[in-house]
Structures are given as C-alpha cells and as structure tokens.
1. In this structure, does THR75 turn out to be within 25 Å of LEU109 (Cα to Cα), open to solvent by 50 Å² or more (accessible area, probe 1.4 Å) and in a strand (DSSP E or B)?
2. Can you tell me which of (1) basic (Lys, Arg); (2) within 12 Å of the chain's Cα centre (by Cα); (3) in a helix (DSSP H, G or I) is the one ARG82 doesn't meet?
3. Working only within segment 36-45, note down all residues that are open to solvent by 40 Å² or more (accessible area, probe 1.4 Å) and assigned to a loop (DSSP other than H, G, I, E, B).
4. Can you say whether THR53 is assigned to a loop (DSSP other than H, G, I, E, B) and open to solvent by 70 Å² or more (accessible area, probe 1.4 Å), as far as the supplied structure shows?
5. Please verify whether segment 94-108 includes one or more residues that are touching a Pro at 6+ places or on another chain (Cβ under 6 Å), surrounded by 12 or more Cβ atoms within 10 Å (Cβ to Cβ) and closer than 16 Å to ARG4 by Cα.
6. What pairs can you find where one residue is in segment 39-66 and under 13 Å from ALA102 (Cβ atoms), the other is of a type in the set (S, T, N, Q) and not in a helix (DSSP H, G or I), and their Cβ atoms are less than 8 Å apart, with a gap of 6+ or different chains?
Amino acid sequence: MASRELNGHPVTAGELQTLALTNYGHFTTMRARHGRVRGLALHLRRLTDDSRTLFHADLDPDRVRALARRLAPVTTPDVVLRVTVFDPALDLGRLAADAHPAVLVTCLL
C-alpha cells in the first residue's frame, strides 16, 4: 500500500503529470524503522545540495523532515520513504525558468 503527499497535501494525477512527462527532479529513498531513518542527515543534505544544483533554489531540510514524518507511522516496523523534489510548473520548454520546487513524499508500507 502506498500513500503520497505533495507539500503535505494529497497529490492528484494532474499534479504528477509534469514529473511523469518531464522527469526533471531528484529524489532520495530511505527505510524508516519505527519512525527513524539511519543516515537521515545525509539524505537531507543530498536533497538540499541537489536542489541548489538543479533548481538554483534552497530547500529547507526541517520542512522536508516534517513532510516525511507525516507519512512514516511510528507504529509500523518498516516502511520505505521516497522524497522527490520537482517543480510542477516546469515543462520541457521552460526548464531554465525560475523554479519553485515542491516536495513529494511517497510511503510504501
């Protein structure tokens, strides 16, 4: 079973269209055990560094942590979390435009 949120809200197929068609963004995948992720600081640093490189935009690691925590149940022994950063407003014709990255969190139970 998978659950997904974009910036803390349920995501629609339309909001995922850009990601599916353009495939321009970056992600990290991690395993959470009882709500804890080994190496979380490294995952967050990679996301912030890659956001600067790809979008020339800062990403708040505390916000990403809070968004991921919303979907990672502490009562479940193991879940897989994927955090994807992309801009739903960008398309192939506007990849050089100013970006406003969004955070998509997917939790697989």
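1. No.
2. Here ARG82 meets the rest and fails (3).
3. ARG38
4. Answer is no for this residue.
5. Yes, the conditions are met somewhere in segment 94-108.
6. Hits for this filter: LEU47/THR28.
Matching residues to (1) at pLDDT 90 or above; (2) hydrophobic (A, V, I, L, M, F, W, C):
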site: ALA32; (1), (2): yes, yes
site: ARG38; (1), (2): yes, no
site: SER51; (1), (2): yes, no
site: ALA68; (1), (2): yes, yes
site: VAL74; (1), (2): no, yes
site: PRO88; (1), (2): no, no
site: ALA99; (1), (2): no, yes
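Okay, residues lined up against (1) assigned to a helix (DSSP H, G or I); (2) open to solvent by less than 100 Å² (accessible area, probe 1.4 Å):
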residue: ARG4; (1), (2): no, no
residue: GLY14; (1), (2): yes, yes
residue: GLN17; (1), (2): yes, no
residue: THR28; (1), (2): no, yes
residue: ALA32; (1), (2): no, yes
residue: LEU47; (1), (2): yes, yes
residue: ASP58; (1), (2): no, no
residue: LEU67; (1), (2): yes, yes
residue: ARG70; (1), (2): yes, no
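The values are calculated or read from the model by the stated rules, or taken from the named source; none is laboratory data. Everything numeric here is computed off the predicted structure, so don't read it as measured data. Here Cβ is always computed from backbone atoms with ideal geometry, including for glycine, and neighbour counts include all displayed protein chains. Keep in mind that these areas ignore ligands, DNA and RNA; they rest on the heavy atoms of the full protein, side chains included. Shrake-Rupley method; radii C 1.70, N 1.55, O 1.52, S 1.80 Å.
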